[in-house]
Amino acid sequence: MSITSNLLTIKQTLPEDVTLVAVSKTKPIPDLMQAYDAGQRIFGENKILEMTDKWETMPKDIQWHMIGHVQTNKVKFMAPYVQLVHGVDSLKLLEEINKQAAKNNRVIDCLLQMYIANEETKFGLDQSELMQIINHIHAHPNQLQHIRIVGLMGMATFTKDETQIKKEFTNLKSIFDSLKQQPTTHNLQPSILSMGMSGDYQLAIQCGSTMVRIGSSIFSE
Ligand SMILES: *Cc1c(COP(=O)(O)O)cnc(C)c1O
């Protein structure tokens, strides 16, 4: 199977209101260009420097999503161009993204990453940490003018147990729904629920995902 046909096959199975992020981490630019030529414009990377190299070389109508764990000291490299940061897991990181976005005269969209899995290796906030950030946003309406929280992201446990995965995605969806009940502000406008990868995106969509991050099903044969 080619990248082009993998991509088109996946796109056909996605509902129209679900956004596809083509996860191209570690893949060479010619592979990304095949997906680009097949119409893909949203790419996800998990290392800021690799994403920046690709951004510099590739067509400028691509939207770059940072899907990995973000190191505070590298935010400045992506601040001029990044479209959406999926993995925000602290107020400190949000403040650094805000600072670098301000320097570039931009507002950067962010997803807060929630910890929903049963694995210690995964990153993310628990519900009380999420509420601390949301309360901070509401309490300080004049701070953080250069970020916008547009939703949540999460990763399910790496398992074949579909019941377990469904439970985790359903949990994330209910956190997302309660976040949407919060008063919105200029920098809190949740509409995106980023969940689902190659192995579990169909389940994620059943559970209410609006954005799937798919890598290996597109880029490896
Ligand atoms: C690598 C990665 C993906 C894509 O995983 P595949 O199983 O290759 O589809 C999605 N989300 C994150 C955060 C990743 O690091």
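Tabulated values for the structure
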{"item": "Candidates 76, 92, 60, filtered to the one that is under 20 Å from residue 137 (Cα atoms) and away from the ligand (no atom under 16 Å from the Cβ)", "result": "92"}
{"item": "Those residues of the range 85-124 which are in a loop (DSSP other than H, G, I, E, B) and either touching a strand residue (DSSP E or B) at 6+ places or on another chain (Cβ under 7 Å) or crowded, with 21+ Cβ neighbours inside 10 Å (or both), in sequence order", "result": "89, 107, 115, 116, 123, 124"}
{"item": "Members of the range 35-57 that are within 16 Å of the ligand (Cβ to nearest atom), in contact with a helix residue (DSSP H, G or I) (Cβ under 8 Å, 6 or more places away or on another chain) and open to solvent by 40 Å² or more (accessible area, probe 1.4 Å)", "result": "49"}
{"item": "Residues of the range 144-160 classified as open to solvent by 60 Å² or more (accessible area, probe 1.4 Å), more than 16 Å from residue 191 (Cα to Cα) and modelled with pLDDT of 95 or more, total", "result": "1"}
{"item": "Some residue of the range 194-215 being within 13 Å of the ligand (Cβ to nearest atom), modelled with pLDDT under 95, open to solvent by 10 Å² or more (accessible area, probe 1.4 Å) and of a type in the set (A, V, I, L, M, F, W, C)", "result": "no"}
{"item": "Condition met for residue 160 (among the basic types (Lys, Arg) and within 16 Å of the ligand (Cβ to nearest atom))", "result": "yes"}
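Quick grid of which residues meet (1) in contact (Cβ under 8 Å) with a residue 40 or more places away in the chain; (2) farther than 23 Å from residue 127 by Cα; (3) assigned to a loop (DSSP other than H, G, I, E, B); (4) more than 14 Å from the ligand (Cβ to nearest atom):
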| residue | (1), (2), (3), (4) |
| --- | --- |
| 156 | yes, no, yes, no |
| 164 | yes, no, no, yes |
| 174 | no, no, no, yes |
| 180 | no, no, no, yes |
| 190 | yes, no, no, yes |
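Every residue, every condition in (1) touching a Cys at 6+ places or on another chain (Cβ under 9 Å); (2) within 30 Å of residue 163 (Cβ to Cβ); (3) at pLDDT 95 or above, yes or no:
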position: 21; (1), (2), (3): no, yes, yes
position: 32; (1), (2), (3): no, no, yes
position: 59; (1), (2), (3): no, no, yes
position: 72; (1), (2), (3): no, no, yes
position: 111; (1), (2), (3): no, yes, yes
position: 120; (1), (2), (3): no, yes, no
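The values are calculated or read from the model by the stated rules, or taken from the named source; none is laboratory data. It should be emphasised that the depicted structure is a prediction, and the values quoted were computed from it without experimental measurement. We place every Cβ from the backbone using ideal geometry, glycine too, and count neighbours over all the protein chains shown. Heavy atoms of the whole protein, side chains included, go into the accessibility calculation; ligands, DNA and RNA do not. Shrake-Rupley method; radii C 1.70, N 1.55, O 1.52, S 1.80 Å.
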